[in-house]
Each structure stands twice: as structure tokens, then as C-alpha cells.
Amino acid sequence: MASKDAEINLTAKDLAQTFADPQWASLYPPVLTVDQAAALLQVKKATIYDWNSRGRLRGCCRKLGKHLRFFRDKLLSHVFNDGLNSHDK
């Protein structure tokens, strides 16, 4: 039996509709800070740093100098569609 998590598949349209609301768009712009990424996923900043250091967020972020930045749509798509363990396979 497939898990309920396997049924989640965010599309580009789903993401566009979510962030079409000006309130959501201003809280979570296309490029996120660590604070914004943590708030969006409702986890602690330390969790974001941990996941990143373990390679779980590969392809979702870049370091700009000392700062880590996340591409919002890639982050959500990766977490919800691919899962955090997708790079372990």
C-alpha cells in the first residue's frame, strides 16, 4: 500500500496559485533567506542548516558569500514531490 505522502505532487500551477496572493508573495518572495525558508516549511533554522549540510536540499539553494539563499518554488517542489531523502537513493 502506498503511503499518503506519495500522493502529493505540487505542480508549477499549484505553486503559482499559492503565491499569487499578495500577502503570501510578500512574505515568501521567489528567493528566500534561511529565516523565510524555515518559516515557510515550519521548521527551525537549525533544521534548514542541518538538511543543507547533509545534502538534503541540493539543487534548492546557493551560497552568496556567507549567506544561503533558497529558490522558493524549487524548495517546495523538492520537499513535497521528491522528499528529503531523494539524494540518498
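The values are calculated or read from the model by the stated rules, or taken from the named source; none is laboratory data. As the structure is a computational prediction, the values presented were derived from the model and not from experiment. Cβ placement follows ideal geometry from the backbone for every residue including glycine, while neighbour counts extend to all protein chains displayed. The area values use the complete protein model at the heavy-atom level, side chains included, leaving out ligands, DNA and RNA. Shrake-Rupley method; radii C 1.70, N 1.55, O 1.52, S 1.80 Å.
Structural remarks
- Per this entry, F80 is not counted among residues that are open to solvent by 70 Å² or more (accessible area, probe 1.4 Å) and in contact with a strand residue (DSSP E or B) (Cβ under 8 Å, 6 or more places away or on another chain).
- On the stretch given as the range 34-56, residues that are touching a residue at least 24 places away in the same chain (Cβ under 8 Å), within 11 Å of the chain's Cα centre (by Cα) and either within 19 Å of A12 (Cα to Cα) or not in a helix (DSSP H, G or I) (or both) total 4.
- Residues that are at pLDDT 95 or above and of a type in the set (K, R) are absent from the range 2-15.
- Every pair of residues 6+ apart whose Cβ atoms lie under 9 Å, when the first sits in the range 68-82 and is among the polar types (S, T, N, Q) while the second is in a helix (DSSP H, G or I) and open to solvent by 40 Å² or more (accessible area, probe 1.4 Å): S77/A12
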